[in-house]
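> My structure is below; once you've seen it, I'll send some questions.
The values are calculated or read from the model by the stated rules, or taken from the named source; none is laboratory data. Keep in mind that this is a model prediction, so the values were computed, not measured. With ideal geometry, Cβ positions are generated from the backbone for all residues, glycine too; neighbour counts draw on all protein chains shown.
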Amino acid sequence: MDSFHYTFAALRGVQAGREYYVAMVPLKLLPRLLQFDSQDMPPELRAQRVLNRARIPAITRYIVEHPKDYVFSAITASIDGEVTFVPVENQGVKRNMGQLTVPLSADLIVNDGQHRRAAIEEALREQPDLGDETISVVFFMDAGLIRSQQLFADLNTHAVRASASIGILYDFRTPLAQVARRAAAEVPAFKGMTEMERSSIANRSLKLFTLSGIYYATGALLRKRADDEISLQESQIAIDYWKALCDVIPEWHERVMRSTSSLELRRDYITFHSVTLHALGMVGADLIATYPRNWQEHLTQLRTLDWHRTNRLWEGRAMVGGQLSKARAQIVRTASAIKQVLELPLSPEEARLEQLPIGSIDVSEDELLETEI
C-alpha cells in the first residue's frame, strides 16, 4: 500500500523541536483521510472524546445553508506513518513550502475538529459540489497513542469559548442577534448600560444588562429561535415592548439608573438580571398575543409591583434560598407571578409549577438558561 498516497500543498513548521505540516485538503478527501477512533473503545485506549452526534446536524446546516460564506478553522490530526515533504526550494523562505506526501498505509487520527469533519461528510451528501473546496489540516507526527492523547489534552486545556454576548455582537447572519443589538442601542434602559462582550457583569462594572440576556429574552418575547426569520413588524414590536417596560418599571427610569450605582441596582433589584429579563420576555409574548391592540394599557399594572430582592414574592421564583437562580423552572415561576399581576391566564406548565411548594424543585437537575445571571 506504500505505493499509493495522497499529495497535498503544504507548509512546514517546527514546534517543540518537532516538524509539523499545514496542508490544504479537499473536502471530498476528508472523510477518507481522517478516521475516528472506535466509539466502543474505553477512553484510555482512545485519542479523542466520543463523537457527540447531536452537534453534527447544526454544523451541517451551517455549511449547506451558507455555501458562499461558511468558514472553518483548521482541523488537527496526528499521523503514524512515514510522510515525505518536498520543498519548493532548498533554502530561503520557500524551503518550508512544498508538497506533503502521505501514504495510504499511514494511520491518521483527529485530535481536534472531529465534529467539523463529521458535519462536512454529511454536507457533502447534500451538496457534492463542495467537494473541491479545501480546509486546512495541521498534521503532527505521532508514532503512538500517548502523544495523540496529550495533543488532545493540550489543545483543549487552554481553549476558551467566546462568550455568548460577543458571539451575538459579531453575528450579522442571525435575525435574532440583529434585533438584540437594535434593542441594546435603542431601548433607553439598555442604551449604554449593556455589557456587549461578556455574559456576566463584574461587581465594579457600570453596566446593568448583558447582550446575551437581551438576546434570549427577546427570543422568548417573539417566540423565535436563532435561525428563525423575523419580520420588520416583529422586530419593532420587540423594541416597543422593551421601551414600554421602561415606563412601568420604576428602576428602569433613566433618572433612577443615572442617580444610583449599578452595583446597588443589581444588588437590590431582580429586574437587572437575566432570569427576570427572560421571564418578562415570556410574559410579553402572552400579553401581546392576548391583547394585540392595547397590550401597552395592560402593562401599566406593573407599576405597583415590588421588584426588590427582599420581596418574599420572588422566593422560590427568581430567588432560591436568597440567591438568584437561572433554572428554567424559576424563570417560568417568575413569569407566572408577573402574569398574575397582569391578570393573564397561566399555561399548563406554569399552573403545574404553581402547585408545587416553594423549594420543592430540584434546581440542580433543572434545565438552565444559557446566559449568566
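> Quick test for you: out of 225, 258, pick the one residue that is surrounded by fewer than 22 Cβ atoms within 10 Å (Cβ to Cβ) and modelled with pLDDT of 90 or more. Walk me through how you get there before you give the answer.
On the way: 258 fails: modelled with pLDDT of 90 or more.
Within the list 225, 258, the selection yields 225.
> Looking only at helices (runs of 4 or more DSSP H) that fall completely inside segment 151-266, which ones have 1 or more residues that are of a type in the set (A, V, I, L, M), under 27 Å from residue 301 (Cα atoms) and under 23 Å from the mean Cα position of the chain (by Cα)? Outline the logic, then answer.
Values: elements: 164-169, 175-186, 211-222, 232-248, 254-259.
Where helices (runs of 4 or more DSSP H) fall fully within segment 151-266 and carry at least 1 residues being of a type in the set (A, V, I, L, M), under 27 Å from residue 301 (Cα atoms) and under 23 Å from the mean Cα position of the chain (by Cα), they are 175-186, 211-222, 232-248.
> Further, regarding this structure: Counting only residues that are aliphatic (A, V, I, L, M), outside any helix (DSSP H, G or I) and under 16 Å from residue 272 (Cα atoms), how many does segment 304-347 have?
Keep residues of segment 304-347 that are aliphatic (A, V, I, L, M), which gives 305, 313, 318-320, 324, 327, 329, 331-332, 335, 337-338, 341-342, 344, 346.
Now narrow it down to the ones that are outside any helix (DSSP H, G or I): 305, 318-320, 324, 327, 342, 344, 346.
Subset that is under 16 Å from residue 272 (Cα atoms): 305, 318-319, 324.
The qualifying residues number 4.
> Every residue in segment 267-296 that is surrounded by fewer than 16 Cβ atoms within 10 Å (Cβ to Cβ) and either of a type outside the set (Asp, Glu) or in a loop (DSSP other than H, G, I, E, B) (or both), please. Write out each step before concluding.
Just the residues of segment 267-296 that are surrounded by fewer than 16 Cβ atoms within 10 Å (Cβ to Cβ), to begin with: 267-268, 289-294.
Those that are surrounded by fewer than 16 Cβ atoms within 10 Å (Cβ to Cβ) and either of a type outside the set (Asp, Glu) or in a loop (DSSP other than H, G, I, E, B) (or both): 267, 289, 290, 291, 292, 293, 294.
> Which of the following residues is within 23 Å of residue 286 (Cα to Cα), assigned by TED's automatic domain parsing to the domain that holds residue 266 and in contact with a helix residue (DSSP H, G or I) (Cβ under 6 Å, 6 or more places away or on another chain): 214, 168?
Details: 168 fails: within 23 Å of residue 286 (Cα to Cα).
Just one listed residue meets the conditions, 214.
> Those residues that are modelled with pLDDT of 90 or more, assigned to a strand (DSSP E or B) and either buried (at least 16 other Cβ atoms within 10 Å of the Cβ) or of a type outside the set (Asp, Glu) (or both), I need them from segment 16-51; list them, please.
20, 21, 22, 23, 24, 25, 26
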